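These notes concern the structure reproduced below.
The values are calculated or read from the model by the stated rules, or taken from the named source; none is laboratory data. For clarity, every value in this text was computed on a predicted model and none was experimentally measured. Positions of Cβ are generated from backbone atoms using ideal geometry, with glycine treated the same way; all protein chains shown enter the neighbour counts.
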Amino acid sequence: MTTALSTRSFALKSSIKTGYLVMAIAGSALLAGSLATGLAIGGAGTVSGVGILLAIWSRKVDPLRFGPTGFEAKLAPLAGLRVVDYDDILSIEIDKKQIVHVKARDQKDVKIPLRAFEPTDHDAILALLEGNTTV
């Protein structure tokens, strides 16, 4: 799936990216305030670190990419890259919470939260998963 011409990717929706950025800024402000006053605010460093990690990851990575023979999903910064060939897909189900469960041969299920992507991309993602590459 390295052919750029035949690859389609989907980024996280902008409100999620903004939320991660706000988390990074708020955590950094809490950490700076904690250091400046000498008062320990529990978790400020953690919130700051996680927020910065998520903000950078969400701006640099497209978590869902479709190629001519399959798709790749990296839906979280520390999650491993999941590569699934279209031929290995056994079933695709959508639950009430708008999570697509892709069952693939010899692999754990891939769970794709549609809410994490722009609403205008939902139909395209589903069509590509079902093998309709004309979208």
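Quick notes on this structure:
- Index of the failed condition, Phe66 passing every other in (1) under 30 Å from Leu31 (Cβ atoms); (2) touching a residue at least 12 places away in the same chain (Cβ under 8 Å); (3) in contact with a helix residue (DSSP H, G or I) (Cβ under 9 Å, 6 or more places away or on another chain): (1)
- Between Leu54, Leu21, the distinction of being within 12 Å of the chain's Cα centre (by Cα), touching a residue at least 24 places away in the same chain (Cβ under 8 Å) and either within 21 Å of Arg115 (Cβ to Cβ) or in a helix (DSSP H, G or I) (or both) belongs to Leu54 only.
- Qualifying residue in the stretch 97-108 (condition: closer than 24 Å to Arg8 by Cβ and touching a Phe, Trp or Tyr at 6+ places or on another chain (Cβ under 6 Å)): no
Rundown of residues vs (1) under 25 Å from Ala26 (Cα atoms); (2) in a strand (DSSP E or B); (3) at pLDDT 85 or above; (4) out of contact with any Asp or Glu (no Cβ under 8 Å at 6 or more places or on another chain), yes/no style:
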position: Ser58; (1), (2), (3), (4): yes, no, no, yes
position: Leu75; (1), (2), (3), (4): yes, no, yes, yes
position: Leu78; (1), (2), (3), (4): yes, no, no, yes
position: Leu90; (1), (2), (3), (4): no, yes, yes, yes
position: Lys97; (1), (2), (3), (4): no, no, no, yes
position: Val100; (1), (2), (3), (4): no, yes, yes, no
position: Asp106; (1), (2), (3), (4): no, no, yes, no
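- Selection from the stretch 37-51 of residues that are aliphatic (A, V, I, L, M) and either modelled with pLDDT of 80 or more or within 30 Å of Phe117 (Cα to Cα) (or both): Ala44, Val47, Val50
- Residues in the stretch 119-132 that are touching a Ser or Thr at 6+ places or on another chain (Cβ under 9 Å) and surrounded by 15 or more Cβ atoms within 10 Å (Cβ to Cβ): there are none.
- Inside the stretch 85-135, residues that are polar (S, T, N, Q) and in contact (Cβ under 8 Å) with a residue 40 or more places away in the chain make up a count of 1.
- Scanning the stretch 101-119 for residues that are under 16 Å from the mean Cα position of the chain (by Cα) and not aliphatic (A, V, I, L, M) yields a total of 8.
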